[in-house]
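Some notes on the structure that comes next.
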Amino acid sequence: MQIPQGIRIRRLRLAGVGRTYDVDFTTEGQVRNLSLVAGAFSSGKTAVLEFIAYGLGAKRHPRHQEILSKVRSCLLEVELSGEPYVIERSVGEPSKIAYIRGGTIDAPSPAPAEARHLDPPGSPESLSSLLLSHCKLEGVQLREAPTQSESRTDPLSFRDLMWLTFLPNERVADKNFLFENDRMRKHKLRQVVDVVFGVHDDRAVELGNRIQALESRRNHAKNDLSAARAFVAEQDPGALDTDPPASNSAEQELADITAQLAQIDQHARAATDFAAGLRHSHQEAAAQARRTAAVVRDHETQLTRMMPLRAQYADDLLKLGMLAQAKQLFDPLRVTTCPACLNRLPAPPVAVAGHCSLCAHELQPADGSLTLGDAAQLSTPPEGQLDVAAEVRATKARLKEITAYIEDLGTSLSRGKLQAEKARLAEERAAAALDEATAPAVSTYLAARDELHRQREQALRRLEQARSTAKLQEGITKRATAVARLEGQLTLVREELSELGDATRDRDAVIRRVSARYGELLRAWQYPKVSLPRIREDLTPFVRGESYHDASSGARTLLTLAWQLAVFEIAVESGAAHPGFLMIDSPQKNLGHGGTLDAVIADAVSISDFYDHLAAWLADRGVRAQLIVADNSPPLVVEDCVVVRYSRSEDHPPYGLIDDETESADAGT
């Protein structure tokens, strides 16, 4: 079977939380030549194409609310020169790193994923360089000013190449289709076309530079391979053998030993069934020993916590006693001096008619001599003042309770220790009785079991050695593959350099072929009054002697589609450095009846003619080309090519790309 060069899209998966959203572009494991994503407006058709572009390095992805709330990562399964790979990028904030691994989404390679940066695109470790290497365009430099030999150059990016592989809705029928409003982008588009067909200026110089760069990278890869082989030779000389390590035999041996151990254990249990009663007694004794030990630990923990608490209450009681004694020994409230004139009082204050002689405050005690502070002692302490006697009584009560509880714990702990010791001894006696009864029966299995354990350890060591050897061999194989890939690229570039002709004449021939195909497409689609269809040297499409800018909206749709398809078809037929796939969004834009649509063009053109041509052309291409089209209502002639149809109706699933984000789901939230 012919191995396709370039890139093919196999499958798109948007991974969310708990579920995924898939679009499959294969049938029976093979990539479809023509895949249609059909459905109603705003159902996610365009998002499918945009996520494919995002997986291939586009800076942004669709940011619809249902996508941001449901999707966490984008996985794109592709074929790179016939080999399956998966490219994964995060969704939300556009990531600057893509992770590449071999295999498919459902059957990934065991090798770890490789991180590829998006910028700078000219880096050998970038995603762009990887994709361009499968299109024979890695390392291409584009001059900013082609007429100046010393002009600064920029590396070709795969994002630049996407202009020829993805025709989005906004470019279909656009008057700025060739980036006429941006001089630099228009100039770069022409350079990309020339590079794809191998007819750009300074092609020989560029090929020579690519050969030098590839030789430098090949030499570096060879040195890396030699260093890896030297390291492996020191660590494990056997890993350099071509034969794969015998990990399967070690795994099988380990499984056999495990089965034999299980069988021996089963026989030993069967041989000791007579001791079921003793075993049950031992289990009960062991459980009782664990319970009594737990009780002892609990009591000891409680004592450990309560002893400091009792000491704290005793200390508080001592402090309160000292406070009460201080108030009795040192009365700070005895008054001997008049607080107004500060002269010494001739007599201490007394209570007269139930009032203080000094301040006339009403007092409870009877008349007679009075010491200031007696009123406070005979009445309830004011709010905020400490009642020492009450605090002493409360502290003594709490201290008494804690002391009683500690004494009870001590008594229980003593009893618990005795019970725990008795339970331990009972468990030991039960274990000894069980061992004495079963030892003769199981002794015949012990030697075999020990031998199997020894063999198991040896098998584990051999298995670990085999896996280590496999990892070392995998590293060497990876480096050898890189060297072989670079050698293959060098061979192709050298052959291209040797076959290089005159770029000017070659470019004129390419423009003539593309222009001729452009006219053939317009006639096949029954373009009204088609005459003088051509593509000018600057790539501008003309018809009826006028530029596409002067055509109606529906006519511009056909002209831009014809331009894109003509470049794609000629590139595939001539074996140019094109990725080999093309995505088209909304080929029926501006074609139809009523409204603002171009009814004149729609009356003359049938969309079936467009798809008839695609089917006929792809039938002769085999695996060399792939087309993916997003269309609202493709005709019945290509119904078999529809890979998914979004209905925007809950009665006819799938509703859309995010098929669980329906109108009822929105209403429920």
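The values are calculated or read from the model by the stated rules, or taken from the named source; none is laboratory data. None of these values were measured; they are calculated from a predicted model. Heads up, the Cβs are rebuilt from the backbone with ideal geometry, glycines too, and the neighbour counts pull from every protein chain shown. When the accessible area is computed, the model is the full protein with side chains, heavy atoms only, and any ligands, DNA or RNA have been set aside. Shrake-Rupley method; radii C 1.70, N 1.55, O 1.52, S 1.80 Å.
Going by what's in this entry, would residue 99 be described as part of a strand (DSSP E or B), hydroxyl-bearing (Ser, Thr, Tyr), at pLDDT 90 or above and closer than 30 Å to residue 198 by Cα? Quick ask: steps written out before the conclusion?
On the way: part of a strand (DSSP E or B): yes; hydroxyl-bearing (Ser, Thr, Tyr): yes; at pLDDT 90 or above: yes; closer than 30 Å to residue 198 by Cα: no.
In short, no.
Kindly provide the set of residues from the stretch 130-148 that are modelled with pLDDT of 85 or more and farther than 16 Å from residue 59 by Cα, ordered by number.
Result: 130, 132, 133, 134, 135, 137.
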| message | Pairs please, first residue from the stretch 605-625 and under 16 Å from residue 520 (Cα atoms) and in contact (Cβ under 8 Å) with a residue 12 or more places away in the chain, second anywhere and part of a helix (DSSP H, G or I) and open to solvent by less than 20 Å² (accessible area, probe 1.4 Å), Cβ atoms under 7 Å, 6+ apart in sequence or on different chains. | response | 605/558; 611/638; 613/521; 615/638; 617/569
| said: Between a residue in the stretch 565-594 that is in a strand (DSSP E or B) and any residue that is among the acidic types (Asp, Glu), which pairs come within a Cβ distance under 7 Å, given they are 6 or more apart or on different chains? | reply: 591/598
| field | Matching residues, the stretch 2-29, being more than 20 Å from residue 632 (Cα to Cα) and without any contact (Cβ under 8 Å) to a residue 40 or more places away in the chain | value | 18, 20, 26, 27, 28, 29
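Listed here are the residues, each with its yes/no results for (1) modelled with pLDDT of 85 or more; (2) more than 35 Å from the chain's Cα centre (by Cα); (3) open to solvent by 30 Å² or more (accessible area, probe 1.4 Å).
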{"residue": "181", "(1), (2), (3)": "yes, yes, yes"}
{"residue": "193", "(1), (2), (3)": "yes, yes, no"}
{"residue": "207", "(1), (2), (3)": "no, yes, no"}
{"residue": "213", "(1), (2), (3)": "no, no, yes"}
{"residue": "231", "(1), (2), (3)": "no, no, yes"}
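Look at residue 252 and say whether it is assigned to a helix (DSSP H, G or I), farther than 30 Å from residue 475 by Cβ and modelled with pLDDT of 70 or more. It would help to see each step written out before you state the result.
Working: assigned to a helix (DSSP H, G or I): yes; farther than 30 Å from residue 475 by Cβ: no; modelled with pLDDT of 70 or more: yes.
No.
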| task | Show the residue pairs that are 6+ apart or on different chains and have beta-carbon atoms under 7 Å apart, the first residue being within the stretch 177-188 and on the phi > 0 side of the Ramachandran plot, the second being open to solvent by 50 Å² or more (accessible area, probe 1.4 Å) and modelled with pLDDT of 90 or more. | result | 179/185; 179/186
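May I ask you to say which residue of 36, 49 is closer than 27 Å to residue 121 by Cβ and either touching a strand residue (DSSP E or B) at 6+ places or on another chain (Cβ under 9 Å) or part of a strand (DSSP E or B) (or both)? I'd like the intermediate steps shown before the answer.
Details: 36 fails: closer than 27 Å to residue 121 by Cβ.
Of the residues listed, the single one that is closer than 27 Å to residue 121 by Cβ and either touching a strand residue (DSSP E or B) at 6+ places or on another chain (Cβ under 9 Å) or part of a strand (DSSP E or B) (or both) is 49.
In the stretch 618-637, how many are farther than 21 Å from residue 42 by Cα and either of a type in the set (Ser, Thr, Tyr) or crowded, with 21+ Cβ neighbours inside 10 Å (or both)?
Of the residues in the stretch 618-637, 3 are farther than 21 Å from residue 42 by Cα and either of a type in the set (Ser, Thr, Tyr) or crowded, with 21+ Cβ neighbours inside 10 Å (or both).
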| task | Consider residue 311 carefully, then state whether it is under 28 Å from residue 403 (Cβ atoms), in a helix (DSSP H, G or I), more than 58 Å from the chain's Cα centre (by Cα) and modelled with pLDDT of 85 or more. | result | yes
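Kindly check whether there is at least one residue in the stretch 144-167 that is in a loop (DSSP other than H, G, I, E, B), surrounded by 16 or more Cβ atoms within 10 Å (Cβ to Cβ) and charged (D, E, K, R).
Residues of the stretch 144-167 that are in a loop (DSSP other than H, G, I, E, B), as a first pass: 144-152, 156-157, 165.
Now restrict to residues that are surrounded by 16 or more Cβ atoms within 10 Å (Cβ to Cβ): 156-157, 165.
From the residues that got through so far, the ones that are charged (D, E, K, R) too are none.
No, the stretch 144-167 has no match at all.
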| task | Determine if the stretch 256-272 includes at least one residue that is crowded, with 17+ Cβ neighbours inside 10 Å and modelled with pLDDT of 80 or more. | result | yes
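Being open to solvent by less than 50 Å² (accessible area, probe 1.4 Å) and closer than 15 Å to residue 48 by Cβ is the filter here; which residues of the stretch 16-25 pass it?
First pass over the stretch 16-25, keeping only residues open to solvent by less than 50 Å² (accessible area, probe 1.4 Å): 16, 21, 23, 25.
Hits for the stretch 16-25 are 21, 23, 25.
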| task | May I ask you to verify whether residue 460 is in a helix (DSSP H, G or I), modelled with pLDDT of 90 or more and open to solvent by 40 Å² or more (accessible area, probe 1.4 Å)? | result | no
